[in-house]
Amino acid sequence: MRSVQRLRTSTRQVGIVPLYVPQHNFILNYIRKQGARTKMGIFNSKDKYNVESRLQQMGWKVPEFDLPTMKEGTKFAFSMLVESLKSSNRRSKKDLNNMFYFGADDDSLAQVQKEWKEISEKDRRIVSLIKPENMHIVSARLFLESAIPRENNALCAEIYMRSIILCELEEKPTYVVLPEDADIYLYGFAVDFVYEYARNEDGKLTFGEPEWKIQNIRNWPKILPPKK
């Protein structure tokens, strides 16, 4: 199991399920008080500048990386993922496949489905009943990968976003060891999104509409074992 650290506030005890082991009480203070007050909000300003600069150098249109929209989009994607996993009908299965980059053949999708089946019904309820107001997107990194392929019908550029999320839980998952007397449990996980920005189609460069697909999920729905 991952090591667990305790945070103490003036009146409440907090149990933390860390994605990255926290060192100080700044995490709870940050997500509660700071949030998007900083100039760049959740975005790393250098990442954003690098992505925009490279697109401008290529003469390509720069997408609008809007903080509120990206935050709400991440929360919406998570809620859609949960609802699709909870349902077994054909439409939900199709929606689930469409959320992941490689569709039904996506390895990350297979891993999420496998872990969802492995945890108990109670734990599924705990990790899925996360209210949007209790989801804190504390960081987002942006990356651009680009190349002009020689062959036709090939990918030219992708934009990646990695969101690190902390959620407040009222109950602890049963598959982790945590203090029983904590008032709040902070559950951390990360979601990697990818946006197919440009493609070479029959020798012509085409640009797709902004559509973020899930590339990878770390630490959800099951907490990862510690690194040895």
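What list of ³J(HN,Hα) values in whole Hz, one per residue of the range 121-127 in order, does the Karplus curve 6.51 cos²θ - 1.76 cosθ + 1.60 (θ = phi - 60°) give from phi, with Gly and Pro shown as x?
Ordered by residue, 3J(HN,Hα) equals 4, 5, 5, 4, 5, 5, 7 Hz.
Just to check I understand the Karplus step: with θ = phi - 60° and J = 6.51 cos²θ - 1.76 cosθ + 1.60, what whole-Hz values come out for the range 54-70, glycine and proline as x?
So the J values, rounded to whole Hz, are 5, 5, 5, 4, 7, x, 9, 5, 8, x, 8, 8, 8, 4, x, 5, 5.
Hey, can you grab everything whose amide H is under 5 Å from the amide H of MET58? Only 5+ residues off in sequence or another chain; H modelled, so Pro and N-termini drop out.
Those lying under 5 Å, H to H, from MET58: there are none.
If you stretched the chain out fully between ASN134 and GLN113, how much longer would it get, using 0.36 nm times the residue separation minus the C-alpha to C-alpha distance?
Length difference between fully extended and current span is 5.2 nm.
At what distance in nm do the modelled label points of SER53 and GLU211 sit from each other, each positioned 7 Å from its Cα along Cα→Cβ?
In this crude spin-label approximation the distance works out to 3.2 nm.
For ASP95 and LEU155, FRET efficiency with R0 = 35 Å and r from the beta-carbon atoms, rounded to 0.05?
0.90
Working out 0.36 nm times the residue gap between GLU83 and PHE102, then minus their Cα-Cα distance, what length gain in nm do you get to one decimal?
4.9 nm
I need ASP66, ASP202, ASP47 ordered by Cβ neighbour count within 10 Å, fewest first.
Ranking ASP66, ASP202, ASP47 by Cβ neighbours within 10 Å, fewest first, gives ASP202, ASP66, ASP47.
Please work out how many pairs of lysine residues in the range 40-164 are eight or more positions apart (or on different chains) and have Cα atoms closer than 20 angstrom.
Lysine pair count for the range 40-164: 20.
Arrange LYS48, LYS213 by Cβ neighbour counts within 10 Å, fewest through most, would you?
So the ranking, lowest neighbour count to highest, is LYS48, LYS213.
Fewest Cβ neighbours within 10 Å first, please rank SER87, SER128 accordingly.
So the residues, fewest neighbours to most, are SER87, SER128.
Between SER45 and THR69, with labels modelled 7 Å along Cα→Cβ, what's the label distance in nm to one decimal, could you check?
That separation, rounded to one decimal, is 2.2 nm.
Read-outs throughout are calculated quantities, based only on the coordinates presented, and are distinct from any laboratory measurement. Please read all numbers here as calculations on a predicted model, not as lab measurements. All Cβ positions, even for glycine, are placed from backbone atoms using ideal geometry, and neighbour counts span all protein chains on display.
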